[in-house]
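Heads up, the thing below is written out as structure tokens.
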Amino acid sequence: MIIRSAQFVKGIIGTTDISGDTDKPTFAFVGRSNVGKSSVINSLVNRKDLVRSSSTPGRTQQINYFCINDKFYFADLPGYGYAKVPLRQRVKIQKLLAWYLGSSEVRIDAVVLIIDVNVGLKESDFEVLELLHALGRKVILVANKVDKSGKTSVQKQMSLIRKVVGPSDLIPYSAKTKQGREELLALMDGIAAQQQCV
Ligand SMILES: Nc1nc2c(ncn2[C@@H]2O[C@H](COP(=O)(O)OP(=O)(O)OP(=O)(O)O)[C@@H](O)[C@H]2O)c(=O)[nH]1
Ligand SMILES: [Mg+2]
């Protein structure tokens, strides 16, 4: 899939901000803080700076909507599970995520759950996975930062992750080298096409 355009639409911090954004297939990018959600979006749209990424975990604090090719939305969500983020802020983020992921007002065609392949699935990821399954959300699991380890170690980690998550969509990825980009875009394009036929 060729990305022709990518624009910031708006930032969402509460329930009143969501209305009117259900016209296009929407992909929500979630994951623990610092796993590379913003970087993955930048790599997908071939831009260095569409989405602010940072070495300070917890930088993304609102849900940022981007319109891609006038065809779908990418929603960049704040990261969860970072102990150094102040408790009050963590609670606020947790509430925002739970509302966003669970609300029937929100259109989400698939959740792109990003993990760091070198770290694997953490307790907080399992909690989110359980929530998403309970809600019946479609999940694409993206194992990011494969460039940081050798091939053998990545393969080992991938099979460990595969064992736990079973036959769901799982893509080894690097926002840095763009490995996995075409596969992820094709998968999202397929999901978007299916939705448009319904
Ligand atoms: N080597 C490598 N580094 C990456 C990759 N993806 C992201 N990073 C780095 O990881 C750090 C965090 O990236 P972000 O994209 O800001 O992560 P995030 O998940 O959006 O973080 P929050 O918004 O704070 O939750 C940055 O220093 C990125 O440069 C990758 O594929 N490979
Ligand atoms: Mg971010």
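The values are calculated or read from the model by the stated rules, or taken from the named source; none is laboratory data. All figures in this text were calculated on a predicted structure; none of them were measured in a lab. Here Cβ is always computed from backbone atoms with ideal geometry, including for glycine, and neighbour counts include all displayed protein chains. All accessible areas refer to the heavy atoms of the entire protein, side chains included, with ligands and DNA or RNA removed. Shrake-Rupley method; radii C 1.70, N 1.55, O 1.52, S 1.80 Å.
(1) in a helix (DSSP H, G or I); (2) exposed (fewer than 13 other Cβ atoms within 10 Å of the Cβ); (3) modelled with pLDDT under 95: which one isn't true of residue 192, the others all being true?
(2)
From the set of residues in the stretch 13-32 that are of a type in the set (Val, Ile, Thr) and at pLDDT 75 or above, which is surrounded by the most Cβ atoms within 10 Å (Cβ to Cβ)?
Step one: of the stretch 13-32, the residues of a type in the set (Val, Ile, Thr) are 13, 15-16, 18, 22, 26, 30.
Next cut, at pLDDT 75 or above only: 13, 22, 26, 30.
Values: 13: 12, 22: 13, 26: 20, 30: 26.
The residue in question is 30.
Within the stretch 40-77, take every residue that is modelled with pLDDT under 90, near ligand 2 (Cβ under 8 Å from one of its atoms) and not hydroxyl-bearing (Ser, Thr, Tyr) and give me the one that is surrounded by the most Cβ atoms within 10 Å (Cβ to Cβ).
So the residue we want is 51.
With the structure loaded, tell me whether residue 144 is surrounded by 14 or more Cβ atoms within 10 Å (Cβ to Cβ) and either small (Gly, Ala, Ser) or within 16 Å of ligand 2 (Cβ to nearest atom) (or both) or whether it fails that test. Before the answer, list the steps.
On the way: surrounded by 14 or more Cβ atoms within 10 Å (Cβ to Cβ): yes; either small (Gly, Ala, Ser) or within 16 Å of ligand 2 (Cβ to nearest atom) (or both): yes.
Criteria met by residue 144.
Keeping to the stretch 78-104, report how many residues are away from ligand 2 (no atom under 16 Å from the Cβ) and under 25 Å from residue 185 (Cα atoms).
2
Here is a check on your reading of the model: is residue 116 of a type in the set (Asp, Glu) and open to solvent by less than 40 Å² (accessible area, probe 1.4 Å)? Show your work before the answer.
Working: of a type in the set (Asp, Glu): yes; open to solvent by less than 40 Å² (accessible area, probe 1.4 Å): yes.
Yes; evaluated as a whole, the condition is true for this residue.
Looking at the stretch 160-173, is at least one residue open to solvent by 30 Å² or more (accessible area, probe 1.4 Å), within 14 Å of residue 31 (Cα to Cα) and of a type in the set (D, E, K, R)?
Checking the stretch 160-173: not a single residue is open to solvent by 30 Å² or more (accessible area, probe 1.4 Å), within 14 Å of residue 31 (Cα to Cα) and of a type in the set (D, E, K, R).
Report every pair of residues separated by at least 6 positions or lying on different chains whose Cβ atoms are under 6 Å apart, first residue within the stretch 25-49 and within 22 Å of residue 102 (Cα to Cα) and small (Gly, Ala, Ser), second part of a helix (DSSP H, G or I) and near ligand 1 (Cβ under 10 Å from one of its atoms).
31/37
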